[in-house]
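First the structure, which I've put down as structure tokens, then a few questions once you've had a look.
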Amino acid sequence: MLRILIALAVCGHAAAFAPSLNPGRLALRKSQPCPLKPAHLPAILSDKQHSVPAVAQQATKGISFPQLDGKGMRVGIVSTRWNAEVVNKLKDGARAGLKECQVEDSNVVEFEVPGSWELPLACRYMAQTQKVDAIIAIGVLVKGETDHYDMIKDAATDALMMLGLETGIPVLNGILGCHTMEQAEARATGDNNHGVWWGKTAIEMATLRATQMGKGPIAASGVEKKKVLF
């Protein structure tokens, strides 16, 4: 049945391209009306496509955090002078996040380096010399016309990850890799300031490290530490 309907639907179009029988001339016949109107055809054969309007769905951005207590914790911030306008906003956000976790200003150690390429090595120096509980590396990279952006972004972020795994000290990747400066500004402003999240994440990870190593509030309270299997 479906084959018959398809054949009837295209009969008028096929007739329009059939050659005339008039000798000496090659003409196109006039289109013959199809015996079935589009209204009688199945929806799949109709010329009119009914599109369903797309509904934009916006995921709630941000990270929820438990109640964090950073009293007595020492946190390092290593930031770049490259794209300092945005980096400074992210750094202010990180300080604000740490302050919300009750980290004292005197327990925040800061290093400054030229660019994101230098961040991993500076973070290593901080891990070796400053006795910090966590480190936040902050930099901003904006894609340009060459591959330089990708080279620095990939190498620096990989090195920061390896540093955290090798030392056991939480190292936060605060390198923003953006295509435009407007994207970077949007992630360093107001409630969307990623620096605030990095500050709180540093305390959460430092707390996790301390409790798993028997140095945090759980050990002090005498509660048995849960074993975590990977």
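Quick note: the coordinates plus some simple rules give every number you see, no bench work behind them. Nothing here was measured: the structure is a model prediction, and the numbers come from that model. Virtual Cβ from ideal backbone geometry, glycine too; neighbours counted across all protein chains shown.
Relative contact order for region 75-219: what percent, with Cα pairs under 8 Å and sequence separation of 6 or more? Don't skip to the answer; put the middle values down first.
Working: 258 pairs, mean separation 47.0, N = 145.
Reported as a whole number, the value is 32 percent.
Calculated FRET efficiency, Gln130 and Ser64, Cβ-Cβ r, R0 22 Å, to nearest 0.05?
Numbers: r = 30 Å, r/R0 = 1.35.
After rounding to 0.05, the efficiency reads 0.15.
Let me ask something else about it. For Glu145 and Gln212, calculate 0.36 nm times their separation in residues minus their Cα-Cα distance, and state this gained length in nm to one decimal.
Numbers: separation 67, 0.36 × 67 = 24.12 nm, distance 4.56 nm.
That pair, Glu145 and Gln212, stretches by 19.6 nm at full extension.
Next question, about the same structure. Please give the FRET efficiency for Met181 paired with Leu121, using the beta carbon to beta carbon distance and R0 = 25 Å, rounded to the nearest 0.05. Mind showing how you got there, number by number?
Details: r = 26 Å, r/R0 = 1.05.
E between Met181 and Leu121, to the nearest 0.05, is 0.45.
Can you tell me what the convex hull of the Cα atoms of region 75-219 projects to on average, as an area in nm²? Walk me through the numbers on the way to the answer.
On the way: hull surface 33.3 nm².
Taking the Cα atoms of region 75-219, their convex hull projects to 8.3 nm² on average.
Would you mind putting 132-139, 185-192, 109-116 in packing order, based on average other-beta-carbon counts within 10 Å, highest first?
Details: 132-139: 27.1, 185-192: 14.8, 109-116: 17.0.
Listed from highest to lowest mean packing, they are 132-139, 109-116, 185-192.
Among all lysine pairs in region 75-219 that are eight or more places apart or on different chains, how many have alpha carbons less than 18 angstrom apart? Don't jump to the answer; show the numbers that get you there.
Working: Lys89/Lys99; Lys89/Lys200; Lys91/Lys99; Lys91/Lys200; Lys99/Lys200; Lys131/Lys215; Lys143/Lys153.
Number of lysine pairs found: 7.
Counting only residues 5 or more places away or on other chains, whose amide H sits under 5 Å from the amide H of Gly76 once H atoms are built in the peptide plane?
Val109, Asp133, Ala134, Ile135, Ile136
Each residue of region 198-213 in turn: what ³J(HN,Hα) in whole Hz from Karplus with 6.51, -1.76, 1.60 and θ = phi - 60°, glycine and Pro shown as x?
So the J values, rounded to whole Hz, are 5, x, 5, 5, 4, 5, 4, 6, 5, 5, 4, 4, 5, 5, 6, 9.
Using +1 on the beta carbon of Lys and Arg, -1 on that of Asp and Glu, and nothing else charged, what's the dipole of region 75-219 about the Cα centre, debye to 20?
Details: 13 positive and 19 negative charges, 90 e Å.
Computed charge dipole of region 75-219: roughly 440 debye.
Does region 142-217 come out rounded, prolate or oblate, given a ≥ b ≥ c as the square roots of the eigenvalues of its C-alpha gyration tensor, rounded meaning a/c under 1.5 and, failing that, prolate meaning a/b above b/c?
On the way: a/c = 7.42, a/b = 1.61, b/c = 4.60.
Note, shape of region 142-217 comes out oblate.
In whole Hz and in residue order, list the ³J(HN,Hα) couplings for region 123-139 that follow from phi through the Karplus curve 6.51 cos²θ - 1.76 cosθ + 1.60, θ = phi - 60°; x for Gly and Pro.
5, 5, 4, 5, 5, 7, 10, 9, 6, 8, 8, 6, 10, 10, 9, 10, x
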